[in-house]
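The values are calculated or read from the model by the stated rules, or taken from the named source; none is laboratory data. Just so you know, these numbers come straight off a predicted model, no measurement behind them. Glycine also receives a Cβ, built like all others from the backbone with ideal geometry; neighbour counts cover every protein chain displayed. Keep in mind that these areas ignore ligands, DNA and RNA; they rest on the heavy atoms of the full protein, side chains included. Shrake-Rupley method; radii C 1.70, N 1.55, O 1.52, S 1.80 Å.
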Amino acid sequence: MTLVYIGVGSNIERHKHIEVAVQELKKIGSDIRLSTIYECEAVGFDSKPFFNLVIEMKTNLNLTELAKTLRKIELDWGREQNAKKFAPRTLDLDIILFGDEVNTDKPQIPRSDIYQYAFVIQPLLELCAERVIPNDERTVAEIHQQVNNLETLSPVGLWFDY
């Protein structure tokens, strides 16, 4: 089994789609742990705020299978086939880390969002602060110290059981 970290986001029917994401991921993984769910403004476009979190889990799927499965879940729950990068989302599922794998093709692993977005690095800090990022040599905690805009995250209380 591979330990993976998946970024989850939604800004359309946020409560419903975050809960759905957790239930769908439970079908393909085990030992699931959730970070805090954070509300944050849309980045790169004008839209309603997002709920974001990171889910840690173990899976038997390989990287390609996991990427295809996540894409199918997104589409099954209302994401448009050709949705633009900076657009509202029912559900956005991104592989952040996949074991110790490094992949420069699609999907890029580790995902560069780790270095850019507070809504990725803050949840990762909660789940795996001492984890060394493959191909980087720094821990999540060390990278976290260099990310700006952490104050833009507002914790949201968990409203469901998983």
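Can you pull the accessible area of residue 159 for me, 1.4 Å probe, Å² to the nearest 10? Looks like 80 Å² after rounding.
Computed with a 1.4 Å probe over protein heavy atoms only, the accessible surface of the chain comes to 52 Å² per residue. Stretching residue 87 away from residue 72 to a fully extended chain increases their span by 3.6 nm, per 0.36 nm per residue minus the current alpha-carbon distance. Rounded to a whole number, what % of the accessible area of the chain do carbon and sulfur atoms account for, probe 1.4 Å? Taking all protein chains in place, the chain shows 46 percent carbon and sulfur surface. Charge tally around residue 152: other residues with Cβ under 11 Å, Lys/Arg +1 each, Asp/Glu -1 each, net -3. Centroid-to-centroid, using Cα positions, the stretch 139-162 and the stretch 93-130 are 13 Å apart. Dividing the mean sequence gap of close Cα pairs (under 8 Å, 6+ apart) by how many residues the chain holds gives a relative contact order of 29 percent. Between amide H atoms placed 1.01 Å from N, distances below 5 Å from residue 96 occur with 5, 6, 7, all of them 5 or more places distant or on a separate chain.
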